[in-house]
Amino acid sequence: MDYKKYAGVPFLEHGRDLNGWDCWGIYRYIFHDFSGVLLPKFSDCYEGILSSRKAIALEIKTQTMAWKEIFDPKEGDGILIRLKGIPMHIGYVLPNN
């Protein structure tokens, strides 16, 4: 997969397309391209990144309860990142090349 096509898209709160995205937006977009599965938007679950940290953390915790913890991530896996122990960010595992 050519990940270069995702470079240069600006950050946009609640962004879910090539006009701009937040961390969930880019993960959702690439995951759909990679797997064909369209994940929920979740853009209506919080007001803003700075004003809704608790709401975002609660939503992430609620939504990821069914996720399994893996120690050998593969391309396409999501990486849940905690800040000071609070789940706040998601990343996308790229191939190692």
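The values are calculated or read from the model by the stated rules, or taken from the named source; none is laboratory data. Everything numeric in this text was worked out from a predicted model, so none of it was measured. Cβ atoms come from the backbone with ideal geometry, glycine included; neighbour counts cover every protein chain shown. Each accessible area value is taken on the protein alone, full model and side chains, heavy atoms only, with ligands, DNA and RNA left out. Shrake-Rupley method; radii C 1.70, N 1.55, O 1.52, S 1.80 Å.
Out of Ile56, Ile60, Ile49, report the one residue that is at pLDDT below 70, part of a loop (DSSP other than H, G, I, E, B) and open to solvent by less than 60 Å² (accessible area, probe 1.4 Å).
Going through Ile56, Ile60, Ile49 in turn, the sole match is Ile49.
If I filter the stretch 20-33 for residues that are assigned to a loop (DSSP other than H, G, I, E, B) and either open to solvent by 40 Å² or more (accessible area, probe 1.4 Å) or modelled with pLDDT under 85 (or both), do I get at least one hit?
no
Name the pairs whose Cβ atoms lie under 7 Å apart, with the first residue in the stretch 1-18 and within 16 Å of Val93 (Cα to Cα), the second among the aliphatic types (A, V, I, L, M), and 6 or more positions between them or separate chains?
Pairs found: Tyr3/Leu94; Tyr6/Ile26; Tyr6/Ile30.
Could you list, ordered by first residue, the pairs with Cβ atoms under 6 Å in which the first is in the stretch 23-39 and under 18 Å from Gly8 (Cβ atoms) and the second is open to solvent by 50 Å² or more (accessible area, probe 1.4 Å), at least 6 apart or interchain?
Cys23/His89
Within the stretch 11-18, does at least one residue satisfy the condition of being over 19 Å from Ile79 (Cβ atoms), of a type outside the set (D, E, K, R), loosely packed, with under 12 Cβ neighbours inside 10 Å and modelled with pLDDT of 90 or more?
no
Within the stretch 9-36, track down each residue that is among the hydroxyl-bearing types (Ser, Thr, Tyr) and over 12 Å from the mean Cα position of the chain (by Cα).
Correct list: Ser35 only.
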